[in-house]
Every structure is written in structure tokens, then in C-alpha cells.
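This report refers to the structure that appears directly beneath it.
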Amino acid sequence: MRVVFVHGACVRDGSWWWHRTAELLQERGVLSVAPALPSCGEAGLPGGADGSGLSEDVAAVRQALLDSAEPTVVVAHSYGGIVTAEAAAGIGSVRHLVMVSSYLPEVGQSLSEFGDGSPAPFLDVDPGAGTFGVRPELLVDTFLQDCAPEVQTQAADHLARQSAKVIGQPVGAAAWQQVPSTYLVCAQDRGTPPRLQREFARRAGNVVELDAGHHPFLSQPAAVRDLLMSV
């Protein structure tokens with residue numbers, strides 16, 4: 001078994017965001033990778049109107065999945081669920097999807113359909129540049145309130161301006177319809193309200209709740225490791 005981690009929106013350096021859980025998995029002999037998402041400026045070209053979008057993110061994750069025939073668990077966080085829905089479709093090595101405070105879109109749905117039509121207050125949207133990002137001053141209180149102080153401090157260095165085009169781009173497949181899935185509801189999440197997560201989770205085959213904020217793989221890595229080892 002191996003794990004492929006797909007990070008959420010407006011961040012870069014996925015290996016950092018997942019490192020606390022990845023290290024615990026490695027102690028159990030489970031290796032993992034965290035592919036870069038081009039729309040977050042991780043492939044050289046900055047995010048923006050002329051930058052990469054959802055299709056490039058899908059291609060990057062799909063390539064990571066195709067790099068090995070080993071049975072794979074894909075762990076998608078937040079926006080990562082949009083990417084994974086298409087990227088993991090039709091790949092025989094993928095045996096389970098774990099969605100963390102995430103989205104399970106139907107074919108043709110986009111990220112924009114999971115909101116209320118207006119930008120969240122913790123986001124800074126720049127229409128001229130074609131980017132959006134997390135307001136740094138709201139990062140900790142919204143997303144990391146239950147994480148250790150050193151994690152909270154380091155996280156700001158791993159934010160990114162992402163191409164806003166990903167918000168409206170629809171997915172072309174829905175892997176969760178064919179692959180067994182587990183939804184991890186983060187009950188103390190201040191970014192994606194738990195009531196919305198529970199609505200999203202209705203599409204998953206199994207639902208688990210954890211008393212954690214938006215990034216349980218940083219705040220409670222042992223609990224996330226145990227979940228991944230059990231699927």
C-alpha cells in the first residue's frame with residue numbers, strides 16, 4: 001500500500017502540509033507522495049489568468065497515481081477533492097479515496113457550486129490578476145486553531161496565490177462513484193463548516209468524524225494515520 005496526498009487550495013509544498021502524518025505512516029512501512037498542483041504556482045508558472053487550471057492539476061495527480069501499480073489510497077483535502085474526482089477515475093491501482101473536509105463533485109460540477117456564490121471572508125480575490133488566496137491574518141484562527149504554535153508559524157510560509165479559474169472549471173469524472181470512499185468530517189473546522197461537510201459526506205461510502213480543525217493531518221496526525229491504515 002502507498003498513499004498519494006492531494007492538498008487543498010491556496011497552498012504550496014504539499015509535502016510540508018502532510019509531513020506529520022506521512023512520517024507516522026513511514027514508521028509503519030507505508031510510503032507516500034504529495035504531487036505539486038500547477039494552479040498553485042508549483043510548476044514554475046505563477047497562478048493567474050494565464051496560469052494553470054484544474055486540468056493541469058488533474059494531470060499532475062493522475063501522473064503520480066500512474067507512477068506505481070502498488071495499491072493506493074488517495075487522500076484529498078478540501079479543493080483536492082475536486083482534483084481527485086477526475087484524476088483518480090479509471091486507475092486500477094486506486095483502492096480507496098479518503099476525503100478530508102472535502103468535496104465529492106458529480107461529473108460537470110465545479111468548486112463554485114459548493115459555495116453560496118460569494119467569496120468566503122477568509123479569501124482575498126484579485127480579479128485583475130486572476131488569483132485568489134487565504135488572507136494571512138486569518139490563516140490561524142480559521143484553519144489552524146488546534147495546531148501546535150510551531151505549525152501555525154510555519155504554515156504562513158506555505159501559502160500560495162492560486163489561479164481563480166479553478167473555481168468555475170467542471171470535473172470530467174467522479175472517481176468516488178466507482179472507488180470505495182471515506183469522508184473525514186472535521187467537527188471543529190472554521191473554514192468549511194461541519195454542517196456542510198456532513199452534506200458533502202452523504203456521497204461517500206463511509207463517514208468518520210474527528211474533533212479537529214481544517215487540517216487534522218497536522219493537528220492529530222496519529223488519528224489520521226490510524227484511519228488510513230484501516231481503510
Need the failing condition index for Asp57 against (1) outside any loop (DSSP other than H, G, I, E, B); (2) farther than 19 Å from Leu111 by Cβ, just the number. (2)
Can you name the condition, by its number, that Val4 falls short on among (1) assigned to a strand (DSSP E or B); (2) closer than 21 Å to Arg202 by Cα? (2)
Could you list, in sequence order, all residues of the range 125-148 that are assigned to a loop (DSSP other than H, G, I, E, B), more than 16 Å from Ala49 (Cβ to Cβ) and either within 17 Å of the chain's Cα centre (by Cα) or among the hydrophobic types (A, V, I, L, M, F, W, C) (or both)? Leu144, Cys147, Ala148
Taking the range 28-48 as the search range and keeping residues that are in a helix (DSSP H, G or I) and not hydrophobic (A, V, I, L, M, F, W, C), which one is farthest from Ser15 (Cα to Cα)? Ser39
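Somewhere in the range 145-161, is a residue closer than 14 Å to Ser39 by Cα and in contact with a Phe, Trp or Tyr (Cβ under 9 Å, 6 or more places away or on another chain)? It would help to see each step written out before you state the result.
Filtering the range 145-161 down to residues closer than 14 Å to Ser39 by Cα leaves 159-161.
Applying the additional criterion that residues be in contact with a Phe, Trp or Tyr (Cβ under 9 Å, 6 or more places away or on another chain) yields 161.
The answer is yes; a qualifying residue exists.
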Has the range 75-86 got at least one residue that is of a type outside the set (Phe, Trp, Tyr), at pLDDT 95 or above, buried (at least 19 other Cβ atoms within 10 Å of the Cβ) and on the phi > 0 side of the Ramachandran plot? yes
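If I filter the range 149-159 for residues that are assigned to a loop (DSSP other than H, G, I, E, B) and touching a residue at least 24 places away in the same chain (Cβ under 8 Å), do I get at least one hit?
Taking the range 149-159 as the starting set, the residues that turn out to be assigned to a loop (DSSP other than H, G, I, E, B) are none.
No.
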Residue that is surrounded by the fewest Cβ atoms within 10 Å (Cβ to Cβ), among those in the range 165-178 that are farther than 15 Å from Ser55 by Cβ and among the hydrophobic types (A, V, I, L, M, F, W, C): Ala174
Identify all residues within the range 92-112 that are hydrophobic (A, V, I, L, M, F, W, C) and either free of Cβ contacts under 8 Å to residues at least 12 places away in the same chain or closer than 16 Å to Leu196 by Cα (or both); write none if there are none. Met99, Val100, Leu104, Leu111
Gly51 is checked against (1) part of a helix (DSSP H, G or I); (2) surrounded by 23 or more Cβ atoms within 10 Å (Cβ to Cβ) and fails just one. What number does that condition carry? (1)
In this structure, is Val83 in a helix (DSSP H, G or I) and not polar (S, T, N, Q)? yes
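For residues in the range 113-142 being touching a residue at least 60 places away in the same chain (Cβ under 8 Å) and closer than 22 Å to Pro216 by Cα, which is surrounded by the fewest Cβ atoms within 10 Å (Cβ to Cβ)? Break it down into steps so the answer makes sense when it comes.
Keep residues of the range 113-142 that are touching a residue at least 60 places away in the same chain (Cβ under 8 Å), which gives 114, 120, 122-123, 129-134, 142.
Then drop every residue that is not closer than 22 Å to Pro216 by Cα, which leaves 114, 120, 122-123, 133-134, 142.
On the way: Phe114: 19, Ala120: 15, Phe122: 17, Leu123: 18, Gly133: 20, Val134: 24, Thr142: 20.
Checking each candidate, the answer is Ala120.
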Can you name the residue in the range 185-230 that is surrounded by 14 or more Cβ atoms within 10 Å (Cβ to Cβ) and basic (Lys, Arg) and is also nearest to Met1 (Cα to Cα) among such residues? Arg225
Subset of the range 20-33 [in contact with a Leu (Cβ under 9 Å, 6 or more places away or on another chain) and surrounded by fewer than 20 Cβ atoms within 10 Å (Cβ to Cβ)]: Val30, Leu31
Under the condition of being in contact (Cβ under 8 Å) with a residue 24 or more places away in the chain and either surrounded by fewer than 18 Cβ atoms within 10 Å (Cβ to Cβ) or touching a His at 6+ places or on another chain (Cβ under 7 Å) (or both), which residue from the range 34-45 is nearest to Ala222 (Cα to Cα)? Ala34
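The values are calculated or read from the model by the stated rules, or taken from the named source; none is laboratory data. None of these values were measured; they are calculated from a predicted model. Methodologically, a virtual Cβ is constructed for each residue, glycine included, from the backbone with ideal geometry; neighbour enumeration extends over all protein chains shown.
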